[in-house]
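Structure first, commentary second.
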Amino acid sequence: MANSKSTPRDKDAGTGPQEHQGPGSISVSTSGPLKLTVAADAPKGANETFQGRPVVVAPGGEKLVAQDQQTGEELELVPTGTSSIPHFPKKIYLPSTSSNPTSSGIAGQTAQSEEYTLVGLGIRTVSFLNIQVYVVGLYVQTTSLQKLQAKLIKRVNPLASALIPGEKEQLRHSLLDPEESFKIWDELLRDTKHNDLEQDGVNMAFRIVPTRSTDFNHLRDGWIRGITTRTQDAQRQGSNEYSDDSFGAAKKELERLFTGKGKAPKGSIVILTRPADGSMGVLFQAKEDGEVMDLGAVRDERIARLVWLGYLGGKNVSSESTRKGVVEGCVELVERPVGTVETKVA
């Protein structure tokens, strides 16, 4: 799992949402439960803030937190290795998959929100100059971590409840291998919840924070290119999975979600949600204290699957550092017995 002691191999990451609510908006928060105020030291490089709160090293030096000096509320942070967007929150809260995201909130620990935990992050760069575009982190619903953990362990050793060092290295190699990584994530992402009796799907989300001002057309074009590349690969291998009219309609639906939406400023937040049914939703917050907009969703599970594969599986991914960050988080997951990981990260 991503933790505040490690830094990804690339350079960037982002600011997080702060609670805000207005008419017709979604409230957003990355805050956790209130805690007693404790003494803490400023990190090296000092005077850093997150959501307007000073970033400090928690007692014991094990983690960074953004601390509200009046209430004592703390939010654990993970350093990204870049000065542009230096931190990502360890946990975020997203609308419950059983609620309507246009009327419920992404706020604290309420009956209408669900906690997600950061698995790994990295930076998307473009051109041979490695110009940073955005920081992206993969979050998994905390109660789904056990499902992801079990699926990854069984890929290596069907009889194990945790992996030993040699098996962990085997999993790491497979998740970084172009062909094996595609097979693993493709199989896992196809395993969706189609009705209330099927609970095998893993609820996930990507949190994307631009390191420089961009726009939705640019973001959209990147995802569409990734989808096109993978559908063409499938066709070359003799598959007609993406040749039907319904997939073409779903792809156009994805394009419409982002068309005409304007700018995505530096530090704004785009969240791609993928609940267990395989659909893909899009939330956007222009600034950390601003209104959160629900941009809509695409129900065809193939769209979310191909977007996720664009970051995690295959020969060429959108951000190799993100794949590596997620792989390291997955390897950390499988070193603990199945069923203990949720307690560990809570």
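Bear in mind these aren't lab numbers, they're just calculated from the coordinates by the rules spelled out. What you see is a predicted model, and the numbers here were worked out from it, not measured in a lab. Glycine also receives a Cβ, built like all others from the backbone with ideal geometry; neighbour counts cover every protein chain displayed.
Under a Cβ-Cβ cut-off of 12 Å, what is the net charge of the residues other than residue 188 that fall near it, where Lys and Arg count +1 and Asp and Glu count -1? Please list the in-between numbers first.
On the way: positive: 147, 151, 154, 155, 183, 190, 274, 305; negative: 186, 187, 191, 200.
Spelling it out: positives minus negatives among the neighbours equals +4.
Over all other residues within a Cβ to Cβ distance under 13 Å of residue 283, the charged ones net out to +1, with Lys and Arg as +1 and Asp and Glu as -1. Starting from the 7 Å offset along Cα-to-Cβ, what nm value, one decimal, do you get for the label separation of residue 161 and residue 62? It works out to 2.3 nm between the two label points.
For residue 253 and residue 176 in one chain, what is 0.36 nm times their gap in residues minus the Cα-Cα distance, to one decimal in nm? Working shown, then result.
Details: separation 77, 0.36 × 77 = 27.72 nm, distance 3.13 nm.
Here the answer is 24.6 nm.
In this rough spin-label picture, where each label sits 7 Å from Cα along the Cβ direction, the residue 240-residue 263 distance is 4.8 nm. State which entries of 91/261; 168/266; 151/315; 168/263 exceed 31 angstrom in Cα-Cα distance in the structure shown. From 91/261; 168/266; 151/315; 168/263, over 31 Å: 168/266; 168/263. With a ≥ b ≥ c taken as the square roots of the eigenvalues of the C-alpha gyration tensor of the stretch 205-346, please select rounded if a/c is under 1.5 and otherwise prolate if a/b is larger than b/c or oblate if it is not? Cα axes put the stretch 205-346 in the oblate bin.
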